[in-house]
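J.: This is the structure, below, for whatever I ask next.
The values are calculated or read from the model by the stated rules, or taken from the named source; none is laboratory data. Predicted model only: the values in this text are computed from it and were never measured. In this analysis, Cβ positions are derived from the backbone assuming ideal geometry, glycine residues included, and neighbour counts consider all displayed protein chains. The protein model used for the area step is the full one, side chains on, heavy atoms only, and it has no ligands, DNA or RNA in it. Shrake-Rupley method; radii C 1.70, N 1.55, O 1.52, S 1.80 Å.
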Amino acid sequence: VARPAQSGGLLEAFDASLHFELTAGQRSVADEIANDLAQPHPMHRLLQGEVGSGKTVVALRAMLSVIDNGGQAALLAPTEVLAAQHLRTIEKLLGPLSQGGMLGSQEKATQVTLITGSQTAAARREALAKAASGDAGIVIGTHALLGESVEFKELALVIVDEQHRFGVEQRDALKSKASITPHLLVMTATPIPRTLALTIYGDLDLTLLDEVPQGRQAITTEIVKIDER
């Protein structure tokens, strides 16, 4: 199902609320994804970008575009730590726009919920209800998202973070929870040579986010020798 950008929607409100400007690289990638979402066939895109390059805000804009079109987005992360980190980051970026249904919340606001294996029974029931009812436009979780008890009202976009930690069947298990084939965006911070990426992930369009926002701490890689004594 095509999910084109909507005027006056949640995405537009989010863009207006941002206290920073997107980099040229983020805008370029966002335009590619927006074009994919507007097509009447599923997006299959691999987004590769260094840690700190801003993949999350690009992915969030895609989620909001889908929500503006009446759909939901699911973000699959490999660990509970990373899933919780995504929850905090997205709620911080959205601010009041993540408080849909709350007293005094903005009309265009949605909800963000988390589903993991270590949740209490009460927290899990609440999260499952939000996903099934559609109250939560954004559902973040670990492998727990693949469980039979997890249902969506209208799953329209699947985002897989650190995609090399998941298999094809696991991605398909989440996609199968949609009534109509959803759009798919997979992300990785692992550098992959283009020729190798096209060989391994030939079913995915490849996008590289190679620009880091100004002021972002540089990423350093070091080799630490283990004392064998």
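J.: Normalized C-alpha radius of gyration of the stretch 1-91, against 2.2 N^0.38 Å?
T.: Numbers: Rg = 13.2 Å, N = 91, 2.2 N^0.38 = 12.2 Å.
Taking the Cα Rg and dividing by 2.2 N^0.38 Å, one obtains 1.08.
J.: A further question follows. Can I get the semi-axes of the stretch 48-161's equivalent ellipsoid? Compute them from the C-alpha gyration tensor as square roots of 5 times the eigenvalues, in angstrom, largest first.
T.: Details: eigenvalues 72, 68, 36 Å².
After scaling each eigenvalue by five and taking roots: 19, 18, 13 Å.
J.: Give the cross-link partners of K177 among the aspartates and glutamates, using a straight C-alpha distance below 16 Å as the criterion and excluding same-chain residues fewer than 8 apart.
T.: E148, E151, E154, E169
J.: Would you pull out the residues with amide H under 5 Å of L184's amide H, same chain only if 5 or more places away, H placed 1.01 Å from N?
T.: Under 5 Å from the amide H of L184: M43, H44, R45, V158.
J.: Right, here's the next one. Could you order the peptides 174-183, 139-148 from most to least packed, using the average number of other C-beta atoms within 10 Å per residue? Could the numbers behind the result be given before it?
T.: On the way: 174-183: 18.2, 139-148: 20.2.
Descending packing order for the listed peptides: 139-148, 174-183.
J.: Indicate the helices, whole DSSP H runs only, in the chain that combine a mean Kyte-Doolittle hydropathy of 0.5 or more with a Cα extent along their long axis of 15 angstrom or more.
T.: Counting only whole DSSP H runs, the qualifying helices are 55-68.
J.: Along Cα→Cβ, 7 Å out, is where each label goes; now give me the distance between the ones at Q170 and V224 in nm to one decimal.
T.: 2.5 nm
J.: A follow-up question, please. Please name which of A127, G49, A13 has its Cα lying farthest along the dipole of the chain towards the positive end, using unit charges on Cβ (Lys, Arg +1; Asp, Glu -1) and the Cα centre as origin.
T.: So the residue we want is A127.
J.: Which order do the peptides 77-87, 42-52, 7-17 take when ranked by the mean count of other beta-carbon atoms within 10 Å per residue, highest first? It would help to have the intermediate numbers written out before the result.
T.: Details: 77-87: 17.6, 42-52: 19.2, 7-17: 15.1.
Top of the packing list down: 42-52, 77-87, 7-17.
J.: Let me ask you something else. Which whole-number percentage describes the relative contact order of the chain, with Cα contacts under 8 Å and a sequence gap of 6 or more?
T.: On the way: 395 pairs, mean separation 66.7, N = 229.
Reported relative contact order: 29 percent.
J.: Place a point 7 Å from the Cα of A5 along the Cα-to-Cβ direction; which residues of the stretch 164-183 have their backbone N under 20 Å from it?
T.: So the set is 183.
J.: Can I ask one more? Extent of the stretch 1-53 along each principal axis, from alpha carbon coordinates, in Å, largest to smallest?
T.: Per principal axis, max minus min of the Cα coordinates gives 32, 30, 14 Å.
J.: In nm, give the distance between the simple-model label positions of D203 and T89, each being 7 Å from the Cα along the Cα-to-Cβ direction.
T.: 2.6 nm
J.: How would R124, R171 line up by accessible area, probe 1.4 Å, largest first? Walk me through the numbers before you get to the answer.
T.: Numbers: R124 60, R171 20 Å².
Sorted descending by solvent-accessible area, the residues read R124, R171.
J.: Right, another one. Could you go through the stretch 106-112 in sequence order and give the Karplus-derived ³J(HN,Hα) for each residue, using 6.51 cos²θ - 1.76 cosθ + 1.60 with θ = phi - 60°, rounded to whole Hz, and x for Gly and Pro?
T.: Along the stretch 106-112, the couplings run 5, 4, 8, 5, 10, 10, 10 Hz.
J.: Describe numerically, in nm with one decimal, the distance between label points set 7 Å from Cα along Cα→Cβ at M102 and at I180.
T.: Rounded to a tenth, the inter-label distance reads 3.2 nm.
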